[in-house]
Amino acid sequence: MDRNITHSRRQLAAMKHSLFDQGLLDDQFIQLEELQDDANPNFVEEIVTLYYRDSSRLVSNLEHSLERNPLDFNKLDTIMHQFKGSSSSIGAKKVKAECTLFREYCRAGNAEGCRRSFQQMKKEYATLRKKLETYFQVSDWLGKLGPSRQHFGPNKELKDESAFDERK
(Lines give C-alpha, C1' and ligand atoms only; values in the text may rest on other atoms or scores of the structure.)
Protein backbone atom coordinates (compact mmCIF):
# COMPACT_ATOMS: atom_id res chain seq x y z
CA MET A 1 0.00 0.00 0.00
CA ASP A 2 2.78 2.46 0.92
CA ARG A 3 4.42 1.82 -2.43
CA ASN A 4 1.18 2.71 -4.24
CA ILE A 5 0.77 5.86 -2.19
CA THR A 6 4.35 6.89 -2.92
CA HIS A 7 3.79 6.23 -6.61
CA SER A 8 0.55 8.24 -6.53
CA ARG A 9 2.28 11.13 -4.77
CA ARG A 10 4.97 11.14 -7.45
CA GLN A 11 2.27 11.15 -10.13
CA LEU A 12 0.62 14.10 -8.39
CA ALA A 13 3.94 15.95 -8.30
CA ALA A 14 4.45 15.18 -12.00
CA MET A 15 0.92 16.43 -12.71
CA LYS A 16 1.66 19.71 -10.97
CA HIS A 17 5.05 20.00 -12.63
CA SER A 18 3.37 19.59 -16.03
CA LEU A 19 1.15 22.60 -15.29
CA PHE A 20 4.34 24.66 -15.09
CA ASP A 21 5.98 22.94 -18.06
CA GLN A 22 2.92 23.68 -20.21
CA GLY A 23 3.08 27.32 -19.18
CA LEU A 24 -0.32 27.18 -17.49
CA LEU A 25 1.00 28.30 -14.09
CA ASP A 26 3.75 30.60 -12.90
CA ASP A 27 5.60 31.15 -9.62
CA GLN A 28 2.62 32.92 -8.04
CA PHE A 29 1.04 29.48 -7.60
CA ILE A 30 4.11 28.35 -5.65
CA GLN A 31 3.83 31.44 -3.46
CA LEU A 32 0.21 30.52 -2.71
CA GLU A 33 1.31 27.01 -1.77
CA GLU A 34 3.85 28.44 0.64
CA LEU A 35 0.98 30.12 2.51
CA GLN A 36 -0.78 26.78 2.96
CA ASP A 37 -0.15 25.04 6.27
CA ASP A 38 -1.61 22.45 8.62
CA ALA A 39 -4.10 24.99 9.98
CA ASN A 40 -5.48 25.56 6.48
CA PRO A 41 -4.54 22.51 4.38
CA ASN A 42 -6.91 23.42 1.52
CA PHE A 43 -5.87 27.06 1.22
CA VAL A 44 -4.74 26.92 -2.42
CA GLU A 45 -7.77 24.93 -3.53
CA GLU A 46 -10.06 27.40 -1.76
CA ILE A 47 -8.34 30.38 -3.41
CA VAL A 48 -8.59 28.76 -6.85
CA THR A 49 -12.25 27.88 -6.25
CA LEU A 50 -12.97 31.50 -5.29
CA TYR A 51 -11.10 32.68 -8.38
CA TYR A 52 -13.26 30.59 -10.70
CA ARG A 53 -16.46 31.48 -8.88
CA ASP A 54 -15.79 35.22 -8.95
CA SER A 55 -14.14 35.40 -12.36
CA SER A 56 -17.03 33.66 -14.11
CA ARG A 57 -19.01 36.89 -13.60
CA LEU A 58 -16.24 38.87 -15.30
CA VAL A 59 -16.12 36.42 -18.22
CA SER A 60 -19.88 36.78 -18.60
CA ASN A 61 -19.60 40.59 -18.52
CA LEU A 62 -16.92 40.43 -21.20
CA GLU A 63 -19.08 38.17 -23.39
CA HIS A 64 -22.02 40.56 -23.14
CA SER A 65 -19.83 43.59 -23.80
CA LEU A 66 -18.30 41.92 -26.87
CA GLU A 67 -21.80 41.38 -28.32
CA ARG A 68 -22.52 45.12 -28.36
CA ASN A 69 -22.02 47.29 -31.40
CA PRO A 70 -20.04 49.45 -31.33
CA LEU A 71 -17.68 48.02 -28.75
CA ASP A 72 -16.90 50.10 -25.70
CA PHE A 73 -13.15 49.50 -25.60
CA ASN A 74 -12.70 51.42 -22.34
CA LYS A 75 -15.28 49.25 -20.59
CA LEU A 76 -13.78 46.07 -22.06
CA ASP A 77 -10.31 47.13 -20.97
CA THR A 78 -11.52 47.88 -17.43
CA ILE A 79 -13.22 44.50 -17.07
CA MET A 80 -10.23 42.67 -18.53
CA HIS A 81 -7.87 44.57 -16.25
CA GLN A 82 -9.81 43.23 -13.26
CA PHE A 83 -9.86 39.71 -14.71
CA LYS A 84 -6.12 39.86 -15.39
CA GLY A 85 -5.45 40.84 -11.78
CA SER A 86 -7.50 37.94 -10.49
CA SER A 87 -5.78 35.53 -12.88
CA SER A 88 -2.38 36.83 -11.87
CA SER A 89 -3.15 36.24 -8.20
CA ILE A 90 -3.38 32.46 -8.71
CA GLY A 91 -0.54 32.26 -11.22
CA ALA A 92 -2.69 31.58 -14.30
CA LYS A 93 0.14 32.35 -16.72
CA LYS A 94 -1.48 31.65 -20.11
CA VAL A 95 -4.75 33.26 -19.08
CA LYS A 96 -2.85 36.35 -17.94
CA ALA A 97 -0.95 36.48 -21.25
CA GLU A 98 -4.23 36.44 -23.20
CA CYS A 99 -5.58 39.19 -20.95
CA THR A 100 -2.56 41.32 -21.81
CA LEU A 101 -3.07 40.72 -25.53
CA PHE A 102 -6.79 41.51 -25.24
CA ARG A 103 -5.99 44.81 -23.52
CA GLU A 104 -3.52 45.70 -26.28
CA TYR A 105 -6.27 45.10 -28.85
CA CYS A 106 -8.60 47.31 -26.80
CA ARG A 107 -6.08 50.14 -26.79
CA ALA A 108 -5.67 49.74 -30.56
CA GLY A 109 -9.45 49.69 -31.10
CA ASN A 110 -9.18 46.27 -32.78
CA ALA A 111 -12.59 44.60 -32.31
CA GLU A 112 -11.68 41.41 -34.18
CA GLY A 113 -8.45 41.06 -32.21
CA CYS A 114 -10.42 41.44 -28.97
CA ARG A 115 -12.87 38.74 -30.00
CA ARG A 116 -10.13 36.33 -31.09
CA SER A 117 -8.09 36.92 -27.96
CA PHE A 118 -11.16 36.51 -25.76
CA GLN A 119 -11.95 33.13 -27.34
CA GLN A 120 -8.37 31.99 -26.76
CA MET A 121 -8.46 33.29 -23.20
CA LYS A 122 -11.64 31.29 -22.55
CA LYS A 123 -9.92 28.14 -23.85
CA GLU A 124 -6.92 28.68 -21.59
CA TYR A 125 -9.23 29.46 -18.66
CA ALA A 126 -11.23 26.25 -19.20
CA THR A 127 -8.11 24.13 -19.74
CA LEU A 128 -6.52 25.36 -16.52
CA ARG A 129 -9.76 24.85 -14.62
CA LYS A 130 -10.10 21.25 -15.77
CA LYS A 131 -6.47 20.43 -14.99
CA LEU A 132 -6.57 22.09 -11.57
CA GLU A 133 -9.83 20.33 -10.69
CA THR A 134 -8.20 17.00 -11.51
CA TYR A 135 -5.08 17.94 -9.60
CA PHE A 136 -7.05 18.95 -6.49
CA GLN A 137 -9.21 15.81 -6.64
CA VAL A 138 -6.12 13.60 -6.65
CA SER A 139 -4.49 15.76 -4.00
CA ASP A 140 -7.58 15.54 -1.77
CA TRP A 141 -7.72 11.77 -2.22
CA LEU A 142 -4.05 11.42 -1.26
CA GLY A 143 -4.56 13.81 1.64
CA LYS A 144 -7.12 11.43 3.10
CA LEU A 145 -4.51 8.66 3.02
CA GLY A 146 -2.04 10.63 5.08
CA PRO A 147 -0.19 13.92 5.10
CA SER A 148 2.30 14.77 2.44
CA ARG A 149 4.33 17.89 2.60
CA GLN A 150 5.87 17.81 -0.81
CA HIS A 151 6.09 21.02 -2.76
CA PHE A 152 8.23 22.65 -5.39
CA GLY A 153 11.23 24.71 -4.49
CA PRO A 154 12.12 27.99 -6.20
CA ASN A 155 13.50 26.10 -9.21
CA LYS A 156 10.41 23.88 -9.36
CA GLU A 157 12.33 20.87 -8.08
CA LEU A 158 10.34 18.52 -5.89
CA LYS A 159 11.10 18.92 -2.21
CA ASP A 160 9.84 16.70 0.57
CA GLU A 161 9.67 18.75 3.74
CA SER A 162 9.42 15.63 5.90
CA ALA A 163 13.12 15.03 5.20
CA PHE A 164 13.79 18.27 7.09
CA ASP A 165 11.28 17.65 9.86
CA GLU A 166 13.16 17.80 13.16
CA ARG A 167 10.39 15.87 14.91
CA LYS A 168 11.42 12.69 13.06
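The values are calculated or read from the model by the stated rules, or taken from the named source; none is laboratory data. Note that the structure is predicted; figures quoted are calculated from it, not measured. Every residue, glycine among them, receives a Cβ derived from its backbone with ideal geometry; neighbour counts consider all protein chains shown.
Worth pointing out:
- Subset tally (residues that are closer than 27 Å to VAL95 by Cβ and not in a helix (DSSP H, G or I)) for the stretch 1-36: 6
- Candidate set from the stretch 117-168 (those that are at pLDDT below 60 and among the hydroxyl-bearing types (Ser, Thr, Tyr)); member that is surrounded by the most Cβ atoms within 10 Å (Cβ to Cβ): SER148
- The one condition from (1) more than 20 Å from THR127 (Cβ to Cβ); (2) surrounded by fewer than 17 Cβ atoms within 10 Å (Cβ to Cβ); (3) without any contact (Cβ under 8 Å) to a residue 60 or more places away in the chain that GLU33 does not meet is (3).
- Residue, surrounded by the most Cβ atoms within 10 Å (Cβ to Cβ), within the stretch 74-83, restricted to residues that are more than 17 Å from ARG53 (Cβ to Cβ) and in contact with a Ser or Thr (Cβ under 7 Å, 6 or more places away or on another chain): LEU76
- Residue in the stretch 53-63 that is farthest from the chain's Cα centre (by Cα), counting only those that are among the polar types (S, T, N, Q) and surrounded by 12 or more Cβ atoms within 10 Å (Cβ to Cβ): ASN61
- Tally of residues being under 16 Å from VAL59 (Cβ atoms), crowded, with 21+ Cβ neighbours inside 10 Å and either out of contact with any Phe, Trp or Tyr (no Cβ under 8 Å at 6 or more places or on another chain) or touching a residue at least 60 places away in the same chain (Cβ under 8 Å) (or both) across the stretch 84-97: 4
- Scanning the stretch 36-52 for residues that are within 13 Å of the chain's Cα centre (by Cα) and either surrounded by fewer than 15 Cβ atoms within 10 Å (Cβ to Cβ) or free of Cβ contacts under 8 Å to residues at least 12 places away in the same chain (or both) gives GLU46, THR49, LEU50.
- Selection count, the stretch 7-30, where residues are modelled with pLDDT of 90 or more and of a type in the set (Ser, Thr, Tyr): 1
- Within the stretch 1-15, the set of residues being among the basic types (Lys, Arg) and either touching a residue at least 60 places away in the same chain (Cβ under 8 Å) or surrounded by 12 or more Cβ atoms within 10 Å (Cβ to Cβ) (or both) comprises ARG9, ARG10.
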